[in-house]
1. Can Glu78 be described as assigned to a strand (DSSP E or B), of a type outside the set (Gly, Ala, Ser) and exposed (fewer than 14 other Cβ atoms within 10 Å of the Cβ)?
2. Starting from residues that are part of a strand (DSSP E or B) and touching a residue at least 60 places away in the same chain (Cβ under 8 Å), keep the ones in the range 18-27 and report whichever is farthest from Phe87 (Cα to Cα).
3. Only one of these conditions is not met by Phe95: (1) closer than 29 Å to Asp231 by Cα; (2) free of Cβ contacts under 8 Å to residues at least 60 places away in the same chain. Which number is it?
4. For Arg264, indicate whether it is in contact with a strand residue (DSSP E or B) (Cβ under 7 Å, 6 or more places away or on another chain), among the charged types (D, E, K, R) and not in a helix (DSSP H, G or I).
5. Report whether or not Val233 is touching a Lys or Arg at 6+ places or on another chain (Cβ under 7 Å), without any contact (Cβ under 8 Å) to a residue 40 or more places away in the chain, of a type outside the set (Asp, Glu) and surrounded by 22 or more Cβ atoms within 10 Å (Cβ to Cβ).
6. Take the residues in the range 58-75 that are under 22 Å from Ala270 (Cα atoms) and in contact with an Asp or Glu (Cβ under 9 Å, 6 or more places away or on another chain), then tell me which one is surrounded by the fewest Cβ atoms within 10 Å (Cβ to Cβ).
7. Assuming Asp284 fulfils every condition listed in (1) surrounded by fewer than 18 Cβ atoms within 10 Å (Cβ to Cβ); (2) under 18 Å from the mean Cα position of the chain (by Cα) apart from one, which condition is it?
8. Restricting the search to the range 204-246, which residues are hydrophobic (A, V, I, L, M, F, W, C) and more than 26 Å from Ala37 (Cα to Cα)?
Amino acid sequence: MVERAPARVLRLRGRELDLRRGIVMAIVNRTEDSFYAAARFADDGAALAAGERAVAGGAQIVDVGGVRAGRGPRVAVEDEVARVVPFVATVRERFPEVLVSVDTWRSQVAREAVRAGADLLNDTWAGHDPGLAQVAADEGVGLVVSHTGGARPRTDPLRVSYPGGVSEHVLAELARGAERAVRLGVDPAAVLVDPTHDFGKNTWHSLELVRATGRLVDLGFPVLMALSRKDFVGETLGLDVDERLEGTLAATAVAAWHGAGVFRAHDVVATRRVLDMVAAIRGDLPPSRAVRGLV
């Protein structure tokens with residue numbers, strides 16, 4: 001494993017974002033069956049309105065997905081392209097200051113999305129299609145390296161175990177995936193590592209991986225946390241998906257304090273405020289107003 005200092009910036013297509021303040025990646029799902037009903041934007045107008053709200057709320061990245069992560073009807077490559085690629089082009093034109101991510105595990109979709117303006121490929125299925133990392137290298141864009149414990153796309157975990165501990169397994173796999181991406185030619189500052197909570201994991205595993213955030217940061221790559229309203233939050237608190245905001249924000253604050261820099265979120269404004277408060281407590285961001293006791 002190559003030793004690297006903790007990452008301080010995320011660099012995508014020449015643009016640099018400061019990880020110390022925390023970066024919000026807003027979720028815009030172009031599906032009718034996302035696990036969270038409030039995040040289903042199959043209609044073009046609804047999806048664009050969601051993107052506008054996200055940008056206004058402080059998102060610096062918009063993550064566009066065309067296929068539900070979990071079980072559901074099969075979505076052909078051409079259908080995923082139709083859902084994602086024209087919308088990427090629209091977001092790129094409408095919001096030139098925003099970075100665009102595409103949530104896909106298919107290299108064919110990835111290449112077309114990048115050529116439509118995407119800056120980042122969010123591969124939540126851990127290199128199931130090995131060509132996806134090559135697309136990132138060829139096209140000069142970023143790549144999310146994830147961990148699923150070998151699970152195939154759109155499958156749910158069942159009695160998964162990690163002899164030696166889930167953290168050790170995740171750290172080793174993420175290091176291998178990130179180093180492969182760098183060898184292929186992806187900028188190290190554009191390679192994000194994501195422990196991928198819930199994917200190939202039970203709730204105990206996901207909780208442990210929040211506690212292990214600092215060890216993930218020590219890999220030396222920007223750390224992405226996709227915590228928003230996930231099952232491990234719901235199972236921990238005994239809550240349905242619509243009631244998981246506070247639990248999500250608690251996990252977000254812990255992960256941010258330990259150095260995670262990018263947060264994939266449904267609730268952009270709340271996430272932005274949590275990240276700013278953590279950054280201010282840590283001393284990386286001044287208060288927006290500080291007059292108490294001074295005037």
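The values are calculated or read from the model by the stated rules, or taken from the named source; none is laboratory data. Note that the structure is a prediction, hence the values are computed from the model and not measured. Quick reminder, even Gly has a Cβ in these numbers, built from the backbone with ideal geometry, and neighbours come from all protein chains shown.
1. no
2. So the residue we want is Ile23.
3. In the conditions (1) closer than 29 Å to Asp231 by Cα; (2) free of Cβ contacts under 8 Å to residues at least 60 places away in the same chain, Phe95 misses (1) alone.
4. So Arg264 passes the test.
5. When the stated conditions are applied, Val233 passes them.
6. Top of the filtered list is Gly58.
7. With respect to (1) surrounded by fewer than 18 Cβ atoms within 10 Å (Cβ to Cβ); (2) under 18 Å from the mean Cα position of the chain (by Cα), Asp284 is out only on (2).
8. If the condition is that a residue be hydrophobic (A, V, I, L, M, F, W, C) and more than 26 Å from Ala37 (Cα to Cα), then Leu209, Ala212, Leu216, Val217, Leu219, Phe221, Val223 are the ones that fit.
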